[in-house]
Every structure is written in structure tokens, then in C-alpha cells.
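The values are calculated or read from the model by the stated rules, or taken from the named source; none is laboratory data. No experiment lies behind these values; they were computed from the predicted model shown. Cβ coordinates were reconstructed from backbone atoms using ideal geometry, including for glycine residues, and neighbour counts include every protein chain displayed. These accessible areas exclude ligands, DNA and RNA; they are computed on the full protein's heavy atoms, side chains included. Shrake-Rupley method; radii C 1.70, N 1.55, O 1.52, S 1.80 Å.
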Protein chains: 2
Amino acid sequence: MTESDHDPGGDRDTDTQVTAAGSAALRLANVESADRNAALESIAGAVREREAEILEANAEDVAEAEAMLERGEYTQALVDRLKLDAAKLDDIASMVESVAEQDDPLGATLSARELDDGLELYRVAVPIGVVATVFESRPDALVQIAALALKSGNAVILKGGSEASESNRILYEVIREATDGRFETIPNGWAQLIEAHEAVDRLLELDEQVDLVMPRGSSEFVSYIQDNTQIPVLGHTEGVCHVYVDSEADLGMAEDVAFDAKVQYPAVCNAVETLLVNESVAADVLPGLVERYEEAGVEVRGDAATREVVDVGAATAEDWRTEYGDLELSVKLVGDVYEAVEHINENGSKHTESILTEDADTAETFMTGIDAASVFHNASTRFADGYRYGLGAEVGISTGKIHARGPVGLEGLTTYKYYLEGDGHLVASYSGADALPFTHAELDAEWTPGRRSGE
Amino acid sequence: MTESDHDPGGDRDTDTQVTAAGSAALRLANVESADRNAALESIAGAVREREAEILEANAEDVAEAEAMLERGEYTQALVDRLKLDAAKLDDIASMVESVAEQDDPLGATLSARELDDGLELYRVAVPIGVVATVFESRPDALVQIAALALKSGNAVILKGGSEASESNRILYEVIREATDGRFETIPNGWAQLIEAHEAVDRLLELDEQVDLVMPRGSSEFVSYIQDNTQIPVLGHTEGVCHVYVDSEADLGMAEDVAFDAKVQYPAVCNAVETLLVNESVAADVLPGLVERYEEAGVEVRGDAATREVVDVGAATAEDWRTEYGDLELSVKLVGDVYEAVEHINENGSKHTESILTEDADTAETFMTGIDAASVFHNASTRFADGYRYGLGAEVGISTGKIHARGPVGLEGLTTYKYYLEGDGHLVASYSGADALPFTHAELDAEWTPGRRSGE
């Protein structure tokens with residue numbers, strides 16, 4: 001355990017911070033929605049009020065990053081992501097307000113069942129507890145994750161990249177001062193900032209106390225976190241997405257969707273990396289589409305069959321598994337939808353896959369046959385996103401299958417708790433020769449703490 | 001990678017078996033409910049038909065275990081758990097039939113939303129994929145897990161204890177022969193048995209191909225699995241459960257519930273380990289209750305305050321965190337419900353906690369203040385069980401908070417998939433200056449593959 005010189009928690013080390021978050025989580029779990037929303041409004045207000053301070057701190061990070069850029073150690077993209085201005089800060093404050101406006105993810109009775117006369121079981125949505133997030137350069141990530149955690153009643157451990165250390169420190173201070181001691185019910189310490197690199201190593205060891213870790217950053221970064229902790233990880237490691245143009249596709253639509261899926265924003269995980277084309281329509285769709293791609297600066301590579309139709313570079317086996325994250329695309333011809341499904345299940349990353357076809361049965365074969373979080377019919381893979389899905393703010397995108405899959409909203413920051421209301425019921429009564437039967441009747445009731453329905 | 005001499009898959013090693021399970025999982029995901037149920041009925045029938053063979057194989061395991069018992073290497077309890085007879089085998093067949101009768105956990109549209117005109121998003125329940133189970137001596141665990149996996153459309157990797165190797169091998173053979181090639185839609189290879197100890201080490205490394213591991217056995221065993229794999233683990237590591245007798249408790253009820261929670265079946269994870277008693281009622285409830293416990297053979301230990309009321313041994317700090325799993329109990333006096341909540345959150349294992357009180361507000365303080373999968377009011381902790389909860393067959397009990405919590409039914413073996421039905425929709429239309437808005441209207445529709453609602 002080591003301490004950062006700048007540890008905003010003072011002398012406390014990572015263990016102490018995580019323990020403090022655990023205590024806060026127990027209290028925050030029972031704070032009313034109105035109070036959590038008031039605290040969020042307070043944070044949004046503070047971000048706007050303290051604009052000058054925040055931009056000043058951010059300017060220090062940016063100056064440092066520009067020096068690194070000149071030495072060739074950082075990219076221009078990193079510097080751009082890092083830089084805040086008045087408009088971006090206003091967007092951050094608005095984002096916090098929009099999180100406050102979301103439906104409360106907590107307290108709903110998810111199911112209710114009578115086990116026997118006077119013995120009632122309720123399943124109720126509750127926060128997960130302590131969630132940690134480890135993120136790279138964008139300082140807005142700190143505010144977004146803190147807001148989502150507060151909205152969902154979770155304590156949060158925040159660890160940002162060193163390139164944004166001044167920005168993260170001031171944003172954390174703004175959040176802390178906007179909530180600590182300002183509301184009777186919001187516990188101090190619900191958000192904790194850790195800074196030292198050694199602190200993150202320690203954090204990843206605390207699987208008994210941290211319930212979930214959400215890394216935000218590159219695929220490599222998420223993989224690194226997954227490989228170094230026993231804490232459940234919510235994130236996506238790769239986005240090798242495909243578009244399949246079927247023999248029965250509307251070819252004009254196919255061209256537009258395939259173009260949108262690559263060019264609209266190539267750096268993101270839901271952009272297409274490999275285009276699969278039914279060999280019967282390759283000569284009709286590929287020449288025009290490849291010309292459009294090349295005009296947009298896309299480097300197209302194809303398998304041997306593709307190169308008989310269009311003049312592009314050669315794709316190797318490695319291309320089929322590569323997330324370019326850039327204006328690059330591989331193309332492969334397939335004989336039918338089954339071959340497309342097989343290629344995708346073998347090479348895809350279970351993120352987002354799309355078929356273009358006017359034949360509903362072929363669409364069904366593709367959609368049910370592929371193992372991926374999102375499977376689309378006649379739509380761009382780029383729709384795979386929490387905001388577009390209508391989930392409100394997005395916690396992240398998961399390529400795992402456990403707990404949450406695909407774009408994850410506030411619901412992904414909740415779990416459930418069983419509450420059983422009885423009247424002195426004993427298991428002995430339901431065991432042995434004279435065992436009473438259970439009624440197991442669904443109840444149409446919300447849980448009222450400490451009371452059975454109708455009481 | 002090593003191969004067992006008895007590998008029922010022939011020459012195939014663990015990797016090949018896991019790959020085969022992965023291929024089978026993709027096909028099994030789309031098998032109709034009726035076919036999965038027919039395969040389950042076929043398994044139940046085969047278990048009954050091949051009774052003699054199964055009992056013969058089991059007798060070999062039992063003979064070996066009895067020899068180990070004589071050498072003091074096995075316990076009588078282990079030998080008892082291992083032993084099958086005609087009645088137990090009939091119970092196993094009936095269990096498989098009851099799994100077939102459960103509601104289908106697959107295919108339900110969990111939510112449906114219009115994103116924009118003609119662009120419809122559906123969230124549909126699907127199998128997880130490849131689940132693995134590693135279990136100790138009870139051979140019925142193999143059949144139960146295989147049945148639950150088949151019902152929920154998952155391929156399954158089965159690894160039993162070496163003490164039950166003959167029983168597991170014949171039961172696996174019965175399952176395989178009752179399904180392989182017998183149904184047009186059920187893929188061969190959906191269940192795979194691995195036997196060598198080295199094979200389980202290899203299995204735990206295959207986190208890219210195995211989606212979930214469900215260890216069944218002691219807490220230590222589950223911890224071992226959790227410490228040795230990156231695959232998500234569904235299981236419970238500890239059951240340190242509490243009963244709190246409040247000052248406003250019905251003391252007769254409290255005595256009965258506290259007795260039931262310990263004595264009805266002390267070896268299980270939902271039995272109480274520590275009894276917390278409000279000091280204002282300790283003198284009224286403890287003497288009679290401790291007498292009853294001692295008559296039932298329970299060894300009671302108490303803190304100093306308890307020992308001023310009843311003549312029992314001294315409990316140490318270690319007692320508060322110990323899962324006895326036996327006729328042992330620690331008792332501690334507390335000043336109020338807050339102290340009880342604090343003790344439990346500090347020492348409990350987030351499994352099951354119960355309060356005895358007639359005061360609804362105190363019940364609420366306890367139930368919402370405690371972080372545990374199940375929190376009860378005026379009922380025995382022993383009710384925390386999938387069957388009693390009405391979940392049908394139980395996959396396991398989870399003390400984690402991610403994916404599934406508390407007793408887990410077939411739903412815990414499912415995840416979901418997003419299906420998007422469009423008409424050539426592009427993300428570019430929803431971006432930039434002239435961005436179209438999303439409608440995000442809830443749809444009252446089930447997903448019809450390849451079609452939008454109303455088509």
C-alpha cells in the first residue's frame with residue numbers, strides 16, 4: 001500500500017478509502033430518490049459555478065500533454081480528448097442533470113410470491129454496493145460515472161489516468177464539496193478518488209470489498225483489468241462487428257448501411273470491421289460500394305474471391321479477427337447465410353452483427369444463429385449504444401454474457417434482494433412426513449417494509 | 001493437457017471437448033421447448049430403465065469409499081452422500097421430469113421499444129452458452145445440472161469427484177445415449193464429461209470458451225474455484241447467517257424460529273450461526289431457548305453479557321465469522337437494532353439474515369440496512385432455498401451480487417440478446433446538425449424474427 005502525495009483523502013490509503021466507500025454504500029442504498037436527485041443537481045450547479053477553476057486545472061494537464069505530444073509520447077487524439085472548454089463543461093453539467101431526470105432504478109418490486117398463508121417473498125431492486133471505475137484520459141468520464149453511481153445508490157471508487165490528474169482532482173473536489181455534509185441523508189465518502197498507480201493494483205486485489213469494476217478505455221486496457229482482478233468486470237474487450245449483405249438484400253439499402261457502419265465513426269467499437277457479401281450479388285454491390293469507401297479514405301482488403309470482383313489489397317486470416325478502429329475494412333464473399341453465421345461465430349467478438357436482406361426467414365437464421373449481444377436486420381451496427389437504445393445514460397458496453405450484455409444502462413448498476421415477511425414460520429413445518437405444501441402463488445403487491453400484503 | 005484413461009469422449013482432450021460443447025451450444029440455443037422437454041423425458045426414462053447398471057457402477061464407488069472410510073480417509077457422511085439405491089434413482093428420474101415441466105426460460109421478449117419509425121429494438125431471453133460445473137461426491141448433481149442445462153438451452157461441461165467416478169461415468173453415458181442422435185434437433189455433444197484432475201485445471205483456463213462455472217460443494221471448494229479461474233463463478237462461499245431477537249419480538253415465536261434456524265438442518269448454508277438478542281429481553285428468552293438447544297445437542301457459546309444471563313462457554317471474535325455447519329451456535333447481546341445491523345454487516349456473509357419483531361419500523365431498519373441476498377422478518381433463515389422460494393429446480397445459491405443473487409433458478413442460466421429490426425436505418429441520420437430525434441416509445445409486442453411489429 002502506498003499513498004499518493006496528492007491523495008485527496010488525506011493520509012488514508014487505498015484500503016481505508018475502500019472501507020469508507022463500503023460504509024457509505026450501506027447508507028446510500030437507502031437514500032430516497034429525491035435526495036439522490038438533489039445531490040446530482042448540486043453537482044451540476046457546482047460544475048457550472050466553478051468553471052474557471054476547472055478549466056485552469058485542465059489547462060495544466062493539457063500543457064503537460066502537449067509537451068508529451070511534441071516529444072512524440074502522446075497522440076493528438078489524446079490531447080483532444082483531454083481538453084475541456086466552457087461548452088464541454090456545460091455539456092458535462094447537463095449530462096449530470098439528465099442522469100437526475102432518469103427513472104429511479106431502485107426500490108421496484110421485481111416479483112412477489114406467496115409461499116404459504118402469511119409468508120410472502122418479495123424481490124426488490126437494490127444497488128450493487130461498491131463499484132470501481134478505472135478510466136483513461138477523458139475527464140468527463142469521472143463525472144459521468146460518479147453521477148450514474150449516485151443515481152443508482154452505489155458508492156464509487158474513481159481512478160483516472162495520470163495525464164488528466166489535475167482535471168480529475170478538481171472535478172472530484174467539486175463533486176465532493178457539492179455533496180459532503182450538504183444533505184442530511186447523503187453519506188460523506190460515497191465517492192473516493194485514487195491516484196497512485198500502486199493504488200490501482202491494490203484496488204484490484206480487494207475483491208471482498210469491491211463488487212464491480214468498470215474499466216473505460218481501449219480494448220487492451222479492459223483486457224488488462226480483466227486479467228488482473230477477481231472482481232467482476234463490466235466492459236468490452238473487442239468489437240469485431242460484421243455486416244452481411246444477403247442475396248435477397250435491397251442493394252441500395254445494403255450499400256448505405258455498410259457505408260454508415262464503417263465511415264460514420266470508425267474509431268468506435270460498434271463500427272463494422274468485416275463486410276460479408278453473398279457471392280451472387282458481389283458483382284452488383286461491391287464496385288459501387290468500394291468506390292464510395294475509397295473516396296471516404298477507407299482502405300479495403302478482400303479475400304481472393306472479392307479480388308476477382310474489385311481491385312483491392314489482399315486480406316489475410318489475421319484480418320478476420322482484427323478490430324481496426326480506423327478507416328480500414330476487410331471483405332469476404334460467402335455462399336449463403338449459414339456460411340456468414342459460421343464466419344461470424346468463429347471470428348466475431350459477440351458485440352454487434354447486422355444482416356441486410358428482404359427475406360424474413362433468412363433474417364431469422366442469421367439473428368438466432370449468431371451468438372452476439374446485438375443482432376440487427378437492415379440497420380447499421382452503429383445503433384448499438386445505450387443512448388440510441390433508449391437506456392438513458394450508458395454505463396458501458398458489455399461483451400460478457402453474465403449480469404449485463406450489450407449497452408448497459410443504470411439497471412446494470414443494480415442487483416436485487418429477497419425480502420421475506422412471515423409470522424413465525426418454521427421450515428420444520430414444511431419437512432418430513434406431515435410436511436405442509438407451499439402455495440407458491442404470484443402476488444400482485446409491492447413490498448411494504450415490515451408488513452405482509454393487506455396488513 | 002492430459003487425457004484420462006476413461007475419457008468417455010474417446011481420444012479427445014479437454015480443449016476438444018470444450019470446443020465441441022461450444023458448437024453444440026450454438027445449435028441448442030434454437031431448439032424448441034418441446035424438443036428439449038422430449039429429450040429430458042428420454043433421459044428420465046433411461047435412468048429408470050438402466051437402474052441395474054447404474055446401481056452396479058455405484059456399488060463399485062461405494063465399496064472403494066468404504067475402504068477409504070476404514071482407513072480413516074473418508075467420512076461416513078461422504079459415503080452416505082455417494083450411495084444410490086432404487087428409491088434415490090427414482091427420485092433422480094422424477095427430478096428430471098419436473099425440470100421438463102418447468103416454464104421455458106427461453107424466448108420471452110423481456111422488453112420492446114420503438115427507436116424511431118420502423119426501427120424496433122427487442123430484448124429476448126437466450127441461453128448463456130457453455131456452462132461448466134465442478135461438483136463433489138453426490139452423483140445426483142451430475143444429472144440435475146445436465147437437466148437444468150438442457151432445459152435452458154446451454155451446453156454443459158461436467159466434472160465430478162473421483163470418489164464417484166464409476167457412478168458419474170454410467171450416468172453420463174445414460175444421458176448421452178438417451179439424447180445423442182435420438183432427436184433431429186438436439187445436437188450431439190451438448191453434454192461433456194471430464195474426469196482427469198488435470199482436465200479441470202485446463203477447463204478453468206478456458207475463459208474465452210466457457211461462459212459460467214457453477215461449483216457445487218463446500219465453501220472451501222467454491223473458494224478454490226473462484227481463486228483459480230477468470231470464468232464468472234456462480235456459487236456461495238460462506239453462509240454465516242444471523243437471527244436477531246428484537247426487544248419487540250413475540251418471544252415464543254422468537255424461540256421457535258431461532259431453534260428451527262439452527263436445529264432443523266445444521267449442516268446447510270442457510271442455518272443460523274450467530275444469535276443476536278436485544279439485551280432488554282435476554283433474561284426472558286435465553287434461559288428457555290438455551291435449554292432447548294442443549295437438549296438438542298447444540299453447543300452454545302456467548303459473549304460476556306450473554307454469560308451473565310446463561311451458563312454457556314465463551315465466544316471469541318473468531319466465532320462471529322465462523323460457519324459452524326454443525327450443532328454449534330454463538331450468542332451476542334446487542335443494545336438495539338442498529339447494533340445488530342452493524343454486527344451483521346461486519347461479520348455476515350451476505351447470505352440470509354432474519355429479525356424477530358412485532359414492530360414494522362424496526363423490521364424496516366433491519367431489512368433495508370443489511371446487505372444480504374435474503375433478509376427475513378419473523379421467519380426461519382432455513383427458507384432461503386430455490387425450491388421453497390418457488391423457483392422450481394435450484395441451480396445454486398449465490399453470495400455474489402452480479403448476475404444472480406441468493407437462490408438461483410433456471411433464469412440464472414439465461415442472458416439476453418438485443419434484436420433490432422430496421423428498414424435501412426443509418427446512424428448518420430441521427431447525428432450532426434439535422435439529427436433526427438429518437439422516439440423511444442415502449443412497444444407492446446413480442447419479437448417476430450425478421451419482421452417489424454404490424455408487418
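Some notes on this structure:
- When region A:339-353 is limited to residues that are more than 8 Å from chain B (Cβ to nearest Cβ) and assigned to a helix (DSSP H, G or I), the one that is surrounded by the fewest Cβ atoms within 10 Å (Cβ to Cβ) turns out to be A:346.
- Pairing each residue of region B:282-303 that is farther than 16 Å from residue B:245 by Cβ with any residue that is small (Gly, Ala, Ser), provided the two are 6+ apart or on different chains, yields C-beta distances under 8 Å for B:299/B:313; B:301/B:313; B:301/B:314; B:301/B:315; B:301/B:330.
- When the strands (runs of 3 or more DSSP E) confined to region A:56-142 are screened for residues that are surrounded by fewer than 18 Cβ atoms within 10 Å (Cβ to Cβ) and either under 18 Å from the mean Cα position of the chain (by Cα) or in the same structural domain as residue A:168 (by TED's automatic domain parsing) (or both), those reaching at least 2 such residues are found at A:109-116.
- Being among the aliphatic types (A, V, I, L, M) and at the interface with chain A (Cβ under 10 Å from one of its Cβ atoms) is true of residue B:404.
- Meets criteria (more than 30 Å from residue A:286 (Cβ to Cβ) and not aliphatic (A, V, I, L, M)) for residue A:266: no
- Selection count, region A:145-163, where residues are assigned to a helix (DSSP H, G or I) and either under 10 Å from residue A:193 (Cα atoms) or touching a strand residue (DSSP E or B) at 6+ places or on another chain (Cβ under 9 Å) (or both): 5
- For the residues A:142, A:82, A:148, the requirement of being touching a Ser or Thr at 6+ places or on another chain (Cβ under 7 Å) and either among the basic types (Lys, Arg) or over 30 Å from residue A:424 (Cβ atoms) (or both) singles out A:82.
- Against the list (1) open to solvent by 10 Å² or more (accessible area, probe 1.4 Å); (2) in a helix (DSSP H, G or I), the condition residue B:367 fails is (1).
- Single match in B:433, B:428, B:404 (criterion: touching a helix residue (DSSP H, G or I) at 6+ places or on another chain (Cβ under 7 Å) and assigned to a loop (DSSP other than H, G, I, E, B)): B:404
- Screening residue B:392 with (1) facing chain A (nearest Cβ under 7 Å); (2) touching a residue at least 24 places away in the same chain (Cβ under 8 Å) gives one miss only, at (1).
- Index of the failed condition, residue A:386 passing every other in (1) open to solvent by 20 Å² or more (accessible area, probe 1.4 Å); (2) over 23 Å from residue B:30 (Cα atoms); (3) free of Cβ contacts under 8 Å to residues at least 24 places away in the same chain: (1)
- Pairs with Cβ under 7 Å, 6+ apart, first in region A:194-221 and in the same structural domain as residue A:20 (by TED's automatic domain parsing), second open to solvent by 10 Å² or more (accessible area, probe 1.4 Å) and among the aromatic types (Phe, Trp, Tyr): A:215/A:221
- Some residue of region B:425-448 being buried (at least 19 other Cβ atoms within 10 Å of the Cβ), more than 10 Å from chain A (Cβ to nearest Cβ) and in contact with a Leu (Cβ under 9 Å, 6 or more places away or on another chain): no
- Within region A:317-338, considering residues that are touching a residue at least 12 places away in the same chain (Cβ under 8 Å) and open to solvent by 70 Å² or more (accessible area, probe 1.4 Å), the one nearest to residue A:356 (Cα to Cα): A:338
- Of the residues making up region A:354-361, at least one is within 7 Å of chain B (Cβ to nearest Cβ) and open to solvent by 30 Å² or more (accessible area, probe 1.4 Å).
- Yes/no for residue A:47 being assigned to a helix (DSSP H, G or I), over 30 Å from residue A:129 (Cα atoms) and among the β-branched types (Val, Ile, Thr): no
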